[in-house]
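> Quick one: the structure is below, questions incoming.
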Amino acid sequence: MRAFSYECASSIETAAKAAASTDGAKFIAGGTNLLDLMKLEIETPTHLIDVNGLGLDRIEPTPEGGLRIGALVRNTDLAADERIRRDYGLLSRALLAGASGQLRNRATTAGNLLQRTRCPYFYDTNQPCNKRQPGSGCAAIAGFSRQLGVVGVSDACIATHPGDMAVAMRALDAVIETIRADGTTRSIPIADFHRLPGKTPDIEHVLERGELITAVVLPKPMGGKHIYRKVRDRASYAFALVSVGAIVQPDGTGRIAVGGIAPKPWRDEAAEKELPRGAKAASTRLLADARPTEQNAFKITLVERMLSAVLAEARG
Amino acid sequence: MRFDTPATTNPIDQLKIVGQPIHRIDGPLKTAGKAVYAYEWHDPNTPYAYGYIVGSAIAKGRIRSIDVTAAKNAPGVLAVVTTDGVGELKKGKYNTAKLFGGTEVQHYHQAIAVVAAETFEEARAAASLVKVHYAEEKGVFDLAAARDTAVKPDDGEPDSAAGDFNAAFETAPVKLDQTYTTPDQSHAMMEPHASIAAWSGDELTVWTSSQMIDWWRTDLATTLGIDKEKVHIMSPFIGGGFGVKLFLRADAVLAALAAREAKRPVKVALPRPFLMNNTTHRPATIQRIRIGAGRHGRITAIAHESWSGDLPGGGPEVAVQQTRLLYAGENRMTAMRLATLDLPEGNAMRAPGEAPGMMALEIAIDEMAERLGLDPVEFRTINDTQVDPEKPERPFSHRDLVGCLRTGAQRFGWKDRSKRPGSRRDGDWLVGMGVGSAFRNNLVVPSGARVRLDRGGVVTVETDMTDIGTGSYTIIAQTAAEMLGVPVDKVAVSLGDSRFPVSSGSGGQFGGNSSTAGVYAACVKLREAVAQKLGFNNADDVIFADGEVRSGDRRITLAEAAGDEGLVAEDRIEFGKLTETHQQSTFGAHFVEVGVDVATGETRLRRMLAVCAAGRILNPITARSQVIGAMTMGVGAALSEDLVVDKARGFFVNHDLAAYEVPVHADIPHQEVIFLDETDPMSSPMKAKGIAELGLCGVAAAVANAIYNATGVRVRDYPITLDKLINGLPELS
Ligand SMILES: Cc1cc2nc3c(=O)[nH]c(=O)nc-3n(C[C@H](O)[C@H](O)[C@H](O)COP(=O)(O)OP(=O)(O)OC[C@H]3O[C@@H](n4cnc5c(N)ncnc54)[C@H](O)[C@@H]3O)c2cc1C
Ligand code: SF4
């Protein structure tokens, strides 16, 4: 870990401003991802801006009938919120499928969205990795890739966004609210939030320098059956090989987002149109552009079978 | 005391304390956080420095130069010691890979420097500033590709044979010829390697985490080129080892060298990723098994060949060991071949040999039973043997494999197992049952102890035996209490200190039986000393009970007997030829029930049962704890543990506990353990045998066989992850 300076921000405006004007600055929320990466010198911020004290820890109704989740709401609190459990069960289940109780007590909504990949080569600073060190190459493509992405990947990087929460939020069409260094705010649909790697896998999202996430907004409840299915090698405390977040309506239409297969939660509205024709049709469409490695090709079959199981569960 | 005739009746047989379910005497210390582990020794008046390791970034080659300028100038840095700077160091007797010194790089994350600083954070930050220039060389990392280059190892007993395997296999009416693979595995114990080294003149004290105090002491002295008498090792508490703390490791060497340079005590802990690539691992194996049998199920021919790899000078994984002994059959052969691999050192991990060997053999037996149309329990029973099948003149000292299988089958409800694979369903789960024999040899190792009796009537046992979480403290206290007729709370046990008599140490499931036998020997001497002091003529007539010594109508309390000066006795158990005349092994049977998700292929355990026949059980609580832990490890081996080799770069990629997946609580269902009531007078005066590794051997295969029974998909390549099942699962509607 490199030495760094530390400040507690006093307002969202000053936090954003300070982050933009200080070289090497980063926000710190729960710290459950950032600190691990700093210890390994994968992240080397020289200045940390603590955003825990900014009052961004509330869940409030929106005039549209949805919910505004503060950026600093802890994963535990979000998963346990009565409104979330009642109207957005998918989100609560996705959160509870992630990490461990202790980690969820610390982890925040914004931090979770921005958690970095779990590609093992990304974690070993002796190995080439375009995401960690642009231009150094990708050790994973010809190496150990079982856990990594099959779709949306590039020749430069096949890492996945490893999280669960974002998968549910993608199915729910959540919107991310931010404030920029100049004090302006914007709303970013989650579909546009994470970037595909292309030639620049080190750039993972659309936030600008200093831009602070203040909230995530959920639309008004959409009913249907909420299912989150996470598949992994052990029963708990592991990232997904594949996860499926689904909202299925009684008429068989629905929304499907898939985790563990792509650099962002993977959803394709065109594939959802195929849902009434069954899992095979929908997953073929969803994974039409897949480019798996030999080691992770099983994810293609797994997605299809999981979709099938999820649809069966939804039918009840 | 020499043990070379079978044990007769002795005070242990009273079983007032030995054999009783006594809770760990060190439990309160551990639960209260007061048991001091290696890294935690802290004297507030000592200015400790903190050391941080720098590991090689390449797998094979040489170090051209190491630039430590930036590191030396970093805040708080007290010393930087580099491998080229210290020059060649002698290698410890038990080490294959060298731990430090010189410019050769043998494997990834080999220690090449240590930075000592005022704080841990400063040391870690400075360590990242060490710049190394390498001359990288091409290495060999892929066992499958190197299989044909494997040779017959020089040491040990790589081959064995009896009868004429080829001819018998050729003509056998029912046969099997299959190849199985097991991956590299990591010990993944809770407490990382850690040492504190402090010099006082030319004398060195090291607080560390070691299973074998005397091996560490000897090898550390050799590595540093100093006199063994000048080295003092302390390791009273160990947070797990599973074999990776048998042999001296880099943390102790680096701490000693850094402390010499920094002129202060230095603490060094290996960060978690260094466990996988800096230390040792269980080597991967490729195993070919051929079995031929008559139609009624008698094995007529059995062959087991195994290929594994290691660094030059290393040894094979002895995965064929159990096949020499477990089942009958007149015509047999085994062979082990060793390839040179430039991966980190392969070495002992819990039940070396049998653990991976049984993973293969017990699937093969299941497959063979199916070919014969026999129940797998029945097939194993038919092929039981009471003698060493390679040397029929050597009987087993005691063997009740059949009792384990029968008891287990009955208790588990084995008769409800569906004979047709893939035919039992519970909602979305395909359900199946599997069985595997358990087998592990019983080793006996000389072990010494000193026993003191003080004027308070308190008995103190001192031995350099270690407690790696197994319960050594407790069974040693029970042994001394039984021998001297005092309650357990009148016994103090001091372990893990090189000033104490050299013990068996902990490994190879020999520690429990051997170390208590050593304590037994010392207690026999102490009893004699007490009797003699009190003027009792014949120590055999003297009774030690209720804190008193009695002979005829004389009764004297132990406290009085000890008197102001106290009494002390020391002895050592040594084992004679009984291990040659008789084969000593431990036996068991593992039964498991699994559910496999019909859509995803996720396997989840539903029930597990182990039945063990392993001599006298010294303490059913600590023994059970060993077995359920081993069963858990077996589930990991079956379902998830796989140290993945990057075959181009030559290292284990998943080098942390997030990516090397050991089971978590949610993976482990109800576990039941049954110990058959038996003793083995050939093993020691304790009549006990090892239990800790037996519990692992055969578990993974039982899981594999249950998965087959559930799904009809036979996987011969561990771990059995869902990607290996998914294409064989039923179509979904
Ligand atoms: C052992 C382990 C297991 C895990 N398992 C899972 C799992 O199964 N599923 C899963 O989904 N996750 C898992 N996680 C990841 C966990 O969910 C994340 O670490 C956590 O959500 C990150 O939140 P945080 O608040 O701690 O983020 P931090 O570590 O504080 O920050 C993460 C990143 O977000 C940035 N950031 C934080 N807040 C803001 C803000 N308001 N605006 C802009 N940028 C911000 C930081 O600068 C940093 O770059 C696991 C983590 C660990 C350590
Ligand atoms: S997949 Fe991406 S994160 Fe992994 S090594 Fe390649 S570039 Fe790095």
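The values are calculated or read from the model by the stated rules, or taken from the named source; none is laboratory data. Bear in mind that the values here come from a model prediction, so they are computed numbers and not experimental data. Neighbour counts run over all protein chains shown; Cβ positions are idealised from the backbone, glycine included. When the accessible area is computed, the model is the full protein with side chains, heavy atoms only, and any ligands, DNA or RNA have been set aside. Shrake-Rupley method; radii C 1.70, N 1.55, O 1.52, S 1.80 Å.
> From the list A:T76, A:T44, pick out the single residue that is assigned to a loop (DSSP other than H, G, I, E, B) and more than 10 Å from ligand 1 (Cβ to nearest atom).
A:T44
> Report whether or not A:Y88 is within 14 Å of chain B (Cβ to nearest Cβ), hydroxyl-bearing (S, T, Y) and either in contact (Cβ under 8 Å) with a residue 40 or more places away in the chain or more than 8 Å from ligand 1 (Cβ to nearest atom) (or both).
So A:Y88 does not fit the description; no.
> Then there's this: Which one is farthest from B:G139 (Cα to Cα) among residues in region B:55-71 that are away from chain A (no Cβ under 14 Å), surrounded by fewer than 18 Cβ atoms within 10 Å (Cβ to Cβ) and touching a residue at least 24 places away in the same chain (Cβ under 8 Å)?
Of everything passing the filter in region B:55-71, B:D67 is farthest from B:G139 (Cα to Cα).
> Could you list, in sequence order, all residues of region A:1-60 that are open to solvent by 30 Å² or more (accessible area, probe 1.4 Å), within 16 Å of ligand 2 (Cβ to nearest atom) and under 29 Å from A:A80 (Cβ atoms)?
Listed by number, the list holds a single entry, A:D36.
> Return yes or no: is B:V502 without any contact (Cβ under 8 Å) to a residue 40 or more places away in the chain and open to solvent by 30 Å² or more (accessible area, probe 1.4 Å)?
Spelling it out, it is not the case that B:V502 is without any contact (Cβ under 8 Å) to a residue 40 or more places away in the chain and open to solvent by 30 Å² or more (accessible area, probe 1.4 Å).
> Can you tell me which residue among B:I573, B:I556 is assigned to a strand (DSSP E or B), open to solvent by less than 10 Å² (accessible area, probe 1.4 Å) and farther than 30 Å from B:A610 by Cα?
B:I573
Residue by residue, here is whether (1) more than 13 Å from ligand 1 (Cβ to nearest atom); (2) of a type in the set (D, E, K, R) holds:
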site: A:I188; (1), (2): no, no
site: A:L196; (1), (2): yes, no
site: A:E211; (1), (2): no, yes
site: A:A215; (1), (2): no, no
site: A:I227; (1), (2): yes, no
site: A:R234; (1), (2): no, yes
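> Is it the case, given these coordinates, that B:E305 is in a helix (DSSP H, G or I), at pLDDT 95 or above, surrounded by fewer than 22 Cβ atoms within 10 Å (Cβ to Cβ) and over 20 Å from the mean Cα position of the chain (by Cα)?
The answer is no for B:E305.
> Give region A:183-196 a look and list any residue that's in contact (Cβ under 8 Å) with a residue 24 or more places away in the chain and either in a strand (DSSP E or B) or of a type in the set (D, E, K, R) (or both), or say none.
A:T185, A:S187, A:H194, A:R195
> Right, next: Sort through B:T381, B:T340, B:T385 and tell me the only one that's surrounded by fewer than 24 Cβ atoms within 10 Å (Cβ to Cβ), under 18 Å from B:R282 (Cα atoms) and hydroxyl-bearing (S, T, Y).
Criteria check complete, one pass: B:T340.
> Still on this structure, please answer the following. Given the conditions (1) part of a strand (DSSP E or B); (2) of a type in the set (G, A, S); (3) open to solvent by 10 Å² or more (accessible area, probe 1.4 Å), which single one is not true for B:G629?
Of (1) part of a strand (DSSP E or B); (2) of a type in the set (G, A, S); (3) open to solvent by 10 Å² or more (accessible area, probe 1.4 Å), only one is false for B:G629: (1).
> Select, from A:G70, A:G149, A:G137, the only residue that is open to solvent by less than 10 Å² (accessible area, probe 1.4 Å), within 16 Å of ligand 2 (Cβ to nearest atom) and at pLDDT 95 or above.
From the options A:G70, A:G149, A:G137, the qualifying one is A:G149.
> Provide a single number: the residues in region A:1-46 that are within 13 Å of chain B (Cβ to nearest Cβ), of a type in the set (G, A, S) and on the phi > 0 side of the Ramachandran plot.
0
> In region A:127-159, what residues are within 16 Å of ligand 1 (Cβ to nearest atom) and either facing another protein chain (nearest Cβ under 10 Å) or among the aromatic types (F, W, Y) (or both)?
Within region A:127-159, A:Q147 is the sole residue that qualifies.
> When region A:168-199 is examined, which residues are found to be within 16 Å of ligand 2 (Cβ to nearest atom), open to solvent by less than 50 Å² (accessible area, probe 1.4 Å) and over 15 Å from the mean Cα position of the chain (by Cα)?
Once the filter is applied, which keeps residues that are within 16 Å of ligand 2 (Cβ to nearest atom), open to solvent by less than 50 Å² (accessible area, probe 1.4 Å) and over 15 Å from the mean Cα position of the chain (by Cα), region A:168-199 yields only A:G198.
> Next up: Quick one: would you say B:T96 is polar (S, T, N, Q) and under 29 Å from B:G507 (Cβ atoms)?
Spelling it out, B:T96 is indeed polar (S, T, N, Q) and under 29 Å from B:G507 (Cβ atoms).
> Out of (1) surrounded by 23 or more Cβ atoms within 10 Å (Cβ to Cβ); (2) more than 26 Å from A:A140 (Cβ to Cβ); (3) under 23 Å from the mean Cα position of the chain (by Cα), what's the single condition that is false for A:A279?
(3)
> Separate question: Among the candidates A:P265, A:P221, A:P292, single out the residue that is of a type outside the set (D, E, K, R), more than 14 Å from chain B (Cβ to nearest Cβ) and open to solvent by 50 Å² or more (accessible area, probe 1.4 Å).
Result of the check over A:P265, A:P221, A:P292: A:P221.
> Are there any pairs with C-beta distances below 7 angstrom linking a residue in region A:91-106 that is in contact (Cβ under 8 Å) with a residue 24 or more places away in the chain and surrounded by fewer than 22 Cβ atoms within 10 Å (Cβ to Cβ) to a residue that is among the polar types (S, T, N, Q) and in a helix (DSSP H, G or I), with the two at least 6 apart or on different chains, and if so which?
From residues that are in contact (Cβ under 8 Å) with a residue 24 or more places away in the chain and surrounded by fewer than 22 Cβ atoms within 10 Å (Cβ to Cβ), the pairs are A:N105/A:T76.
> Hey, another quick one. For the condition under 22 Å from the mean Cα position of the chain (by Cα), in the same structural domain as B:D375 (by TED's automatic domain parsing), farther than 30 Å from B:V502 by Cβ and assigned to a strand (DSSP E or B), what is the one hit in B:V592, B:V596, B:V611, B:V635?
Going through B:V592, B:V596, B:V611, B:V635 in turn, the sole match is B:V611.
> Which numbered condition in (1) in contact with a strand residue (DSSP E or B) (Cβ under 7 Å, 6 or more places away or on another chain); (2) part of a loop (DSSP other than H, G, I, E, B) is the only one that B:A710 fails?
(2)
> From B:D667, B:D656, which residue is among the charged types (D, E, K, R), within 14 Å of chain A (Cβ to nearest Cβ), at negative phi and within 21 Å of the chain's Cα centre (by Cα)?
B:D656
> Something else about it: Restricting region B:454-487 to residues that are closer than 17 Å to B:G240 by Cβ and open to solvent by 10 Å² or more (accessible area, probe 1.4 Å), which is farthest from the chain's Cα centre (by Cα)?
Among those residues, the one meeting the criterion is B:Y473.
> Here is a follow-up. Mind checking which residues of region B:284-299 are open to solvent by 10 Å² or more (accessible area, probe 1.4 Å) and either part of a loop (DSSP other than H, G, I, E, B) or in contact with a helix residue (DSSP H, G or I) (Cβ under 7 Å, 6 or more places away or on another chain) (or both)?
B:A284, B:I286, B:R290, B:G294, B:R295, B:H296, B:R298
> Let me ask another. Taking the criterion of being of a type outside the set (S, T, N, Q) and open to solvent by 50 Å² or more (accessible area, probe 1.4 Å), would at least one residue in region A:110-123 satisfy it?
yes
> Residue check, B:D202 against (1) touching a residue at least 40 places away in the same chain (Cβ under 8 Å); (2) open to solvent by 10 Å² or more (accessible area, probe 1.4 Å), all met but one. Which one?
Among (1) touching a residue at least 40 places away in the same chain (Cβ under 8 Å); (2) open to solvent by 10 Å² or more (accessible area, probe 1.4 Å), B:D202 violates only (1).
> Tell me, please, whether a residue that is open to solvent by 20 Å² or more (accessible area, probe 1.4 Å), away from chain A (no Cβ under 11 Å) and free of Cβ contacts under 8 Å to residues at least 60 places away in the same chain can be found in region B:632-652.
yes
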